[in-house]
Structures are given as C-alpha cells and as structure tokens.
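For reference, the structure is listed below as structure tokens.
The values are calculated or read from the model by the stated rules, or taken from the named source; none is laboratory data. Model, not experiment: these values are computed from the prediction. Note that each Cβ is placed from the backbone with ideal geometry, even for glycine, and that neighbours are counted across all protein chains shown. Accessible surface areas use protein heavy atoms only, side chains included; no ligands, DNA or RNA. Shrake-Rupley method; radii C 1.70, N 1.55, O 1.52, S 1.80 Å.
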Amino acid sequence: MESVNGNEIIQLFESWSPKKYACMPNDPIGLAIGTLNKPISNVLVTLDVTHEVVDEAIAQGCELIIAHHPPIFMKLSNLRTDNPQGALYEKCLKNDIAVYAAHTNLDVAPGGVNDLLADALKLENRQILDHSYDEHMMKLAVFVPTTESEAMREVLAKAGAGRIGNYEACSYTLAGEGRLRALDGANPTVGEVGELHVEREEKVEVVFPSSIKNKVLKAMLNAHSYEEPAYDLMAMEIKTNEQGLGRIGKLKEPMTLKEFAEFVKVQLDVPALRVVGPLDRSVQKVAVVGGDGNKYIKTAKFAGADVFVTGDIGFHMAQDAEVNGLSIVDPGHHVEKVMIKGVADKMTQLCAVKKLPVTFIESNVHTEPFKFI
C-alpha cells in the first residue's frame, strides 16, 4: 500500500481548518513536536496530549497525534526530561510521534468545535456569535483572443475564481478589439514586429477571495498565450468567507432553564454542571462557545441569547450575567471532547475523497482533570 506523507494529511486538514482562522493572539497552533515529513498511516485524534494519550498512540501504532489543546502553550525556557512535561515531549520524540495542534482555528472552522457543540444541542437557524475573520473580494479582468476565452474561463474556475455563494464558474465576457504594436526584441503571439495589429479579443471578468489572488494570477499567466498579457486587478468592498467564534441558534421548543440544563448534561455527556439564573425561566435562544467563554458573555447577551452555554465561568462574571438577565449553563471546558469524533469523521471523509490510505483513531483516554463528588 502506498504511504502518505504527513504534510499531505495536514494540508488536507488545513483546507478545512486553516491557521488564518485562529482568533487568539500568538495561538500556538500547527506542528508542535516532531516532523510531518514522514510516512503516516495511523493518526490519533485527542482533545489533550497527556502521557496516557501518548501511550495510547504508541499502542495503536500512530505516527501522528492531532490535538485541540496545544501541548506546548507557553514558550519553553528549557527542555529538561526529568520533569513530567519534558518527559512527555521526550516520549513523543523517542517513539517518532509527531503532534499537531489545532486550537482556535478549529473553534472557528465550519464544522469545527462550536458547530459540533451546536449540533449536540440541536440548535436550529444558527449563526456566528462573534465574527473574527473575513476576506475582501477581488476582481480580475483579463483580455484574451476570442479563440482562447473558453479555455481561460475553465482555467480560472479550476483555480477557484468565479465562486459566488452556491454557484461556481461565474464569469462575465465582453467582446471587442485589441490593438498592439510589437517593438524590437518582442516575440509576439499575434501580429508582426513593427506593425500595428488588431485582434478580436474578449474581456473575461471573474471575482475571487483575496486569499487566492496569487493562485488565480499564476493560473491566468500560465494559460495566457500572449508574451505580455493585459489585465486589470481590482480590490472590492464586498466581503466573503465570514467566520467567527461561537454559535447562536434556537431550540425547537422552549424549555425551562432546569430542563435545558438536564438536556445539556445528557447531550454533552457530563456528570454535573453549574447553572446561573432562575431555574423556572423559559429559554429558547441559545449561545454556545467551547472552552472558556467569559469574554463572550456581553456578546451573547447583545445577540439576544436567553442562555449561554460555555465553560470556566468566573464568579463575578456569573454575577454580572445574572444581574443582566442572561442565564448560563457551564458544563466545563472538557465538553470540547466533541472534536475527537468530529475531526476523526471529517478527516476520514476528506482522505477518502483523495484516496489517501490513512486511519483516524478516536482517543479513548479521559483527560478531564476534575472529579465530581
């Protein structure tokens, strides 16, 4: 069986959850330990990287771990192997296990952590809670001989240009005449050096997100038959690819806060949780942020949420939310474990499309540090 290079796997992962989506300053995402430049057949997906998780990866024959929480969160001042964290890194390196972290970029990505939590809570008509990323659209207008316009449209479409909403290969074409006089030293595709030449041409216009500008220009220049192609490149005010942290949506039917809290316990598989607000209050509009959502309390309230589901809520933040009429259900940080199955399933699908023989294994190690008594 043909092996798969680790870089291929991560390129595929980042086509879904790119680093540019990260919304925390200096978020330590990406390759944290080891190398991706090696054959990989088995990948362990986990929330956290602990000694037990690395032992699991070794037992499963995994060459790569994809984690949500970065194993190296703060800059290292040393790499001593006589302390638990240093010994963890040593274990990974000795067993040739690479570790890749996708943190807030996976929170933001469509189908990532926050969508998975919203799925579990059965939220309908969901929207982004806090917008953190977007791109400006650009427009390319390129002038080509009429006989080459169809081929150019196909090349630009394959490069990703011309995608608008649920439509692709969108373009506009305008016929006209192009004039040129080739000077000494030129090697013209049409016309002769020193002579004014008139060519039937078409102006092909396409739009695309700014992030693929270089890819689109390269495709156009490689496909163009002219020695010096004529084209216009324009920035547009229109934005696209809007992404962000958290989700807000509605339950199918209203519940009391107590009923909703019990529902969250079951859906997110937690033994206990904390609740802020009157238990008999009716709730239907729900905001959710995986992990620590303290800084999004005001955002959730402003968005009209009846209740905010998030972890690690501080005492004074809970008091402020209660005074402002926002209920909170805090099931803890560890509910982000939904990413284990979510990432394994998504990557299995992506690799199947590309016919990459890689197995994604869901970690069975419980990494919740808290005990509930």
Diffusion constant of region 173-322 at 37 °C, which comes from Stokes-Einstein with the Kirkwood Cα-pair radius and 0.692 mPa s, µm²/s: 155
Lys, Arg +1 and Asp, Glu -1 on Cβ, resulting dipole of region 1-129 about Cα centre, debye, nearest 20: 360
Cα gyration tensor shape of region 32-132, rounded if a/c is under 1.5, else prolate or oblate by comparing a/b with b/c: prolate
Listed residues Ser327, Ser171 arranged by accessible area, highest first, probe 1.4 Å: Ser171, Ser327
For region 97-107, 3J(HN,Hα) per residue [Karplus equation, 6.51 cos²θ - 1.76 cosθ + 1.60, θ = phi - 60°, Hz, x = Gly/Pro]: 10, 7, 10, 10, 10, 10, 9, 5, 5, 6, 4
C-alpha long axis of helix 6-16 to longest principal axis of the chain, angle in °: 90
DSSP-assigned coil residues among GluC sites (Glu not before Pro) in region 1-33, each with at most 12 further Cβ atoms within 10 Å: Glu2
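Would you mind telling me the antiparallel percentage of the DSSP bridges in the chain, rounded to 5? Please list the in-between numbers first.
Details: 48 of 68 bridges.
DSSP beta bridges in the chain are roughly 70 percent antiparallel.
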Nearest-10 value in Å² for the accessible area of Met255, using the 1.4 Å probe: 50
log10 of Debye I(q)/I(0), alpha-carbon scatterers only, for the chain at 0.07, 0.09, 0.10 Å⁻¹: -0.45, -0.67, -0.78
Degrees between helix 84-94 axis and first principal axis of the chain (Cα, 0 to 90, nearest 10): 50
Inter-part distance where region 196-266 and region 28-84 are each reduced to a Cα centre, Å: 33
Contour minus Cα-Cα distance for Lys265 and Asn324 (0.36 nm per residue): 18.8 nm
Within region 192-343, percent of DSSP bridges classed antiparallel, to nearest 5: 55
DSSP bridge orientation in region 18-171 - percent antiparallel, rounded to nearest 5: 35
Diffusion coefficient, µm² s⁻¹, Stokes-Einstein with Kirkwood Rh over alpha-carbon pairs of region 137-219 at 20 °C and 1.002 mPa s: 154
Label-point separation in nm, His51 to Tyr231, each point 7 Å along Cα→Cβ: 5.7
Accessible surface ranking that places the most exposed of Glu259, Glu201 first, with a 1.4 angstrom probe: Glu259, Glu201
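If DNA, RNA and ligands are ignored and the probe is 1.4 Å, what is the ranking of Thr299, Thr46, Thr35 by accessible area, most exposed first? If you can, show how the numbers build up before the last one.
Values: Thr299 35, Thr46 0, Thr35 60 Å².
I get Thr35, Thr299, Thr46, largest accessible area first.
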Loop sites in region 1-101: trypsin sites (Lys or Arg not before Pro), DSSP, at most 15 other Cβ within 10 Å: Lys75, Arg80
Ser132 accessible area, assembled protein chains, probe 1.4 Å, Å²: 50
Separation of the Glu154 and Asp82 label points, Cα + 7 Å toward Cβ, nm: 6.8
With all protein chains modelled, accessible area of Phe360 [1.4 Å, Å²]: 20
Chain lengthening between Thr367 and Ile238 when straightened (0.36 nm per residue, less Cα-Cα): 42.1 nm
Rounded to 10°, Cα long-axis angle of helix 257-267 versus longest principal axis of the chain: 70
Inter-probe distance in nm under a simple model that places probes 7 Å from Cα toward Cβ, at Lys215 and Leu31: 2.1
